[in-house]
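Remarks on the structure that follows.
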Amino acid sequence: MIEVLAKLGRGPVFLAGEVLECVITFTNPLSASSTSASSEMLAWASAQIHCQFHTSENRVALPPSDGSKHDVQAENETVFVPNRGERGQCILSTPPKILFCDLRLDPGESKSYSYCETLPVDGPPSFRGQSVKYVYKLTIGCQRVNSPIKLLRVPFRVLVLQGLKDYEFPQDEAVAPSNPFLEEEEGLKKDSRLADLATELLMVATSRRSLHLYNISNTRGKVGTFCIFKTVYKIGEDVIGTFNFSEGDIPCLQFSVSLQTEESIQEEFQRRRGQPVSYTTHARHQEACLHTAQSSFSLPIPLSSTPGFTTNIVSLKWRLHFEFVTSGDSTGTSLVRGSQSEAIMWTGVEQMEVDTFSWDLPIKVLPTNPILASYVSQFSSTNSITI
């Protein structure tokens, strides 16, 4: 028996273009019955990263895949197929890397191997939507002689920031950003610079603030104004906006604001022509605002959500969806005096004519630092199997 343990050193979230590093440890556990003849042998081990693409058959029409299916593992087969037995299509994979050949482990002995691979920058981000899914996994394949291949899969999350692949790093190390207190290898140095560059680009893109004012009105007149200071955010930030109803001609009884994603399939891949777009609500604020001059809301963008992106099959966009309930008769919103002779009691009207309307404001949501996103990731940094 051999225990195989795979551990992602920095966490399970990465930025496309970064170097994924995983330490794989092979251990022959020491037991009470172990003897010098209890050595274990592995013929080989290999590792590879791939992205698996899943679709909803009743929403997405895909052309048939050219790749052959490998659902059955023959006893003597030595072909390493990391997505063997998985649903969907493998749309992206890195070259496989051999960790070792002919490994012998004595009882209680362990050996560790380091796997490093740069994540492709032209791939899609990790995404679990209503119509499609993009799932990234690191697969380690091991095999004993004359035994089937055993696969250890390590799922992880990939964030994509547009524009990074077009950036050229300075050739002069003197002007390249670096940490003078650390001695880094060349690959790790470039990886660190990529993360620093991404953080800087995100900071510049999301720190710009300017006043955006929108008039809220329906067919009968002005309801109020809406104010927001920026429309570009990172996941993990709060979307904050304010309302001013004091300048409105039409009383607003209630409003709601929903933070939503819009998942749409490209026309050539739609199962049915004109099929509806899928919406997902991530946060919502609702408030009764009759006789309220000003109000505000704060909606958090979950760190576990996917930033906006577009591929040849699907597009994901973010928006604020507003719904307003206004009075159909401005005189109907006043208080009514009670009929008691000794005391005066004011009550609201029992029935009121209302109008409703909605409005959508597109916003842009970008990735964040992958280390920050790792804190809320559903994936574990450590996975193991026993062979």
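Of note:
- Residues of region 198-211 classified as open to solvent by 20 Å² or more (accessible area, probe 1.4 Å) and in contact (Cβ under 8 Å) with a residue 24 or more places away in the chain, total: 4
- Search result, residues across region 90-100 that are open to solvent by 50 Å² or more (accessible area, probe 1.4 Å) and closer than 18 Å to Pro120 by Cβ: Cys90, Ile91, Ser93, Pro95, Pro96, Lys97
- For region 9-19, the set of residues classified as outside any loop (DSSP other than H, G, I, E, B) and surrounded by fewer than 22 Cβ atoms within 10 Å (Cβ to Cβ) consists of Val19 only.
- Flag: Leu119 does not match the condition of being over 15 Å from Ile140 (Cβ atoms), in contact with a Cys (Cβ under 7 Å, 6 or more places away or on another chain), modelled with pLDDT of 90 or more and not aromatic (Phe, Trp, Tyr).
The values are calculated or read from the model by the stated rules, or taken from the named source; none is laboratory data. Since we're looking at a predicted model, the values are computed, not measured. We place every Cβ from the backbone using ideal geometry, glycine too, and count neighbours over all the protein chains shown. Please note that ligands, DNA and RNA were not included when accessible areas were found on the heavy atoms of the full protein model with its side chains. Shrake-Rupley method; radii C 1.70, N 1.55, O 1.52, S 1.80 Å.
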